[in-house]
Structure formats: structure tokens, C-alpha cells
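Each value in this text was obtained by applying a stated rule to the coordinates, not by laboratory testing. On a predicted model such as this, the values are computed, not experimentally measured, just so you know. FYI the Cβ positions are ideal-geometry reconstructions off the backbone, even for glycines, and counts take in every protein chain you see.
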Amino acid sequence: MIGVAQHRLHRPSVLLIAHRIHERGGMERALAQLVRRASDRIAFHVMSVELQDDLRTLVDWTPVRLPGRP
């Protein structure tokens with residue numbers, strides 16, 4: 001039987017680069033559901049401007065800053 005730490009080491013990893021990931025909207029919602037449903041089998045790293053609070057414990061998140069509007 002594989003322990004939790006060993007299981008995490010052997011999970012495939014995926015880098016998601018998105019503007020926002022949350023439950024409001026089309027693609028944003030699809031990505032949120034992907035993370036929620038697959039995070040026990042896949043190690044996600046997310047680079048985004050916004051990541052819904054409850055998803056932050058499921059991924060490694062790198063916040064990205066946007067330049068201000070002119």
C-alpha cells in the first residue's frame with residue numbers, strides 16, 4: 001500500500017495557466033471543476049490572476065499580477 005506522501009510524489013503534474021479560475025463563468029468554471037475533481041490524482045500548479053479561495057488548498061498557486069489599464 002502506498003502512503004499519502006508517496007502517492008503525491010507519483011502523481012502526474014499539470015501546469016494550468018489561466019486568467020481566472022472560479023465558479024462564475026464558462027471556462028473559469030470548467031477549470032475549477034477540473035481542479036476539484038482531479039486534484040486527488042493529479043498535482044496541479046496554477047498560475048493565474050485569481051483563484052477561488054477553496055481551490056487554493058488543492059493546488060500550488062503562483063499569483064500573477066496584471067498591468068493597470070491606461
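Would you mind stating whether V35 is hydrophobic (A, V, I, L, M, F, W, C), within 18 Å of P12 (Cα to Cα), free of Cβ contacts under 8 Å to residues at least 40 places away in the same chain and not in a helix (DSSP H, G or I)? Can you show your working first?
On the way: hydrophobic (A, V, I, L, M, F, W, C): yes; within 18 Å of P12 (Cα to Cα): yes; free of Cβ contacts under 8 Å to residues at least 40 places away in the same chain: yes; not in a helix (DSSP H, G or I): no.
No; evaluated as a whole, the condition is false for this residue.
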Report summary line: Of the residues in segment 37-57, those that are within 10 Å of the chain's Cα centre (by Cα) and under 15 Å from E23 (Cα atoms) number 5
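I'd like the full set of residues that are assigned to a loop (DSSP other than H, G, I, E, B) and either charged (D, E, K, R) or surrounded by 14 or more Cβ atoms within 10 Å (Cβ to Cβ) (or both), limited to segment 38-62. So that I can check it myself, show each step before the final result.
Filtering segment 38-62 for residues assigned to a loop (DSSP other than H, G, I, E, B) gives 39-42, 49, 52, 56-59.
Within segment 38-62, S39, D40, R41, I42, Q52, R56, L58, V59 meet the criteria.
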